[in-house]
1. Could you please report the charge total around CYS65, scoring K, R as +1 and D, E as -1 over all other residues with beta-carbon less than 11 angstrom from its beta-carbon?
2. Please order LYS70, LYS45 by the number of other Cβ within 10 Å, starting at the fewest.
3. Taking neighbour counts of Cβ atoms within 10 Å as a proxy for exposure, in what order, fewest first, do GLU24, GLU49, GLU34 appear?
4. Ranking TRP50, TRP25 by Cβ neighbours within 10 Å, fewest first, what do you get?
5. Give, in nm to one decimal, the length gained when the segment between ILE55 and LEU14 is fully stretched (0.36 nm per residue of separation minus the Cα-Cα distance).
Amino acid sequence: MRPSNIRNACRSGLLQRLSVEKCEWCNTTKGPFEVHHIRKLKDLKGKSEWEKAMIGRNRKTMVLCRRCHKDLHAGRLD
Ligand SMILES: [Zn+2]
């Protein structure tokens, strides 16, 4: 990715999505919301559905409600 693309992604992407206030996994609009952030898409194994979703959308961040975020880290989001 070129630097200009990264800048654009930062400016247009994350803040806008957070302001939508919807979990990108279960679609709930009940907060609070947290952002799951990975360092590299390559770090994802693509074994679980949420990893496939991130890889498919080519995104390193995912806005999740607290419950989904907790489940993700517990390894039981799917
Ligand atoms: Zn959720």
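1. The answer is +1.
2. In order of increasing Cβ crowding within 10 Å: LYS45, LYS70.
3. On the way: GLU24 21, GLU49 11, GLU34 18.
Fewest-to-most Cβ neighbours within 10 Å comes out as GLU49, GLU34, GLU24.
4. Ordered from fewest to most neighbouring Cβ atoms within 10 Å, TRP50, TRP25 come out as TRP50, TRP25.
5. Going from the current span to full extension adds 13.1 nm.
FYI, it's all coordinate maths here, none of it is from the lab. Just so it is clear, the model here is predicted, and its values are computed rather than measured. All Cβ positions, glycine included, derive from the backbone under ideal geometry; neighbour counts span all protein chains shown.
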